[in-house]
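Below is one structure, written out as structure tokens, with a few remarks after it.
The values are calculated or read from the model by the stated rules, or taken from the named source; none is laboratory data. Keep in mind that what you see is a predicted model, and the values were worked out from it rather than measured. Methodologically, a virtual Cβ is constructed for each residue, glycine included, from the backbone with ideal geometry; neighbour enumeration extends over all protein chains shown. Side chains included, ligands, DNA and RNA excluded: accessible areas come from the protein's heavy atoms. Shrake-Rupley method; radii C 1.70, N 1.55, O 1.52, S 1.80 Å.
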Amino acid sequence: MNMLQVRVGFFTNYAADLVVPALLYVMLRGLAEVEYRPTLLRRWFGGTPERAGAVLFLASAATELSQRYWPKGVFSGWYDPLDIAAFAAGIAVCYGCDRWGSISHPDETSRAGRREMTR
């Protein structure tokens, strides 16, 4: 919709800002995979829920801030501080679910548990 310059209110303004960082969190942590495949990127950036959340939030916020200070740059667009709040909300939900899952079901959701299940 954004590429076609069709404006549909919340859907085109903030839905992607909520969903894309959340999707990247899930992919970086390997939470949607049956068999976890640790790559160098995943081990370093997605090694802990805290690190994954912080890295993705900072990267997302940097893209938004670049729109303010470099509006015709790589991430061209309009700066909107609510986009940063949407990034934080999407990542916070994934982080909370990740932490809650590792506390309430440690054998099923931990990396050690996933490695044991795949052997």
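Couple of notes before you dig in:
- Pairs meeting the criteria (first residue in the range 16-39 and loosely packed, with under 12 Cβ neighbours inside 10 Å, second residue of a type in the set (A, V, I, L, M), beta carbons under 8 Å, at least 6 apart or on different chains) are Ala32/Val26.
- Residue pairs meeting the criteria (Cβ under 8 Å; at least 6 apart or on separate chains; first free of Cβ contacts under 8 Å to residues at least 60 places away in the same chain and open to solvent by 30 Å² or more (accessible area, probe 1.4 Å), in the range 80-99; second assigned to a helix (DSSP H, G or I) and of a type in the set (Ser, Thr, Tyr)): Ile84/Ser60
- Residue among Tyr69, Tyr95 that is in contact with a helix residue (DSSP H, G or I) (Cβ under 6 Å, 6 or more places away or on another chain), farther than 15 Å from Asn13 by Cα and aromatic (Phe, Trp, Tyr): Tyr95
- Criterion (more than 21 Å from Asp83 (Cα to Cα) and either among the charged types (D, E, K, R) or modelled with pLDDT of 90 or more (or both)) met by exactly one of Arg7, Arg42: Arg42
- Scanning the range 40-79 for residues that are assigned to a loop (DSSP other than H, G, I, E, B), over 20 Å from Ala92 (Cα atoms) and either open to solvent by less than 40 Å² (accessible area, probe 1.4 Å) or among the acidic types (Asp, Glu) (or both) yields Gly73, Gly77.
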